[in-house]
Amino acid sequence: MAATDWTDQRREDCEECDRQTPHVVRIEMRTESEKQENAAFSREPYRVTECRVCGAETTRRMNNA
């Protein structure tokens, strides 16, 4: 799983902390197919955020086609 970290932190809403907190944001390419023969064709980008206060992580699929 390849990931690109954005070095600067962003302030975003955290559902666990119930307020805006610093987050680390990265983009990951994730394989969605469980079948090995289709894995190369099922990679999708996901936006992953991690709260720097409580460690909660959220993911969102970037392409909803």
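Annotation note: Cβ proximity below 6 Å between a residue of segment 27-50 that is in contact (Cβ under 8 Å) with a residue 24 or more places away in the chain and more than 13 Å from residue 62 (Cα to Cα) and a residue that is open to solvent by 50 Å² or more (accessible area, probe 1.4 Å) and of a type in the set (Asp, Glu) (sequence gap 6+ or interchain) occurs for 50/57. Scanning segment 19-28 for any residue that is open to solvent by 60 Å² or more (accessible area, probe 1.4 Å), at pLDDT 85 or above and part of a strand (DSSP E or B) turns up at least one such residue. Mind listing just one residue for me: the one in segment 29-48 that is within 18 Å of residue 64 (Cα to Cα) and of a type in the set (S, T, N, Q) and, of those, modelled with the highest pLDDT? Result: 31.
Reported count of residues in segment 33-59, each being open to solvent by 80 Å² or more (accessible area, probe 1.4 Å) and charged (D, E, K, R), is 6.
The values are calculated or read from the model by the stated rules, or taken from the named source; none is laboratory data. Computed from a predicted structure; not experimentally measured. For neighbour counting, all protein chains shown are included, and Cβ atoms are generated from backbone atoms with ideal geometry for every residue, glycine included. SASA here: full protein model, heavy atoms, side chains in, ligands and nucleic acids out. Shrake-Rupley method; radii C 1.70, N 1.55, O 1.52, S 1.80 Å.
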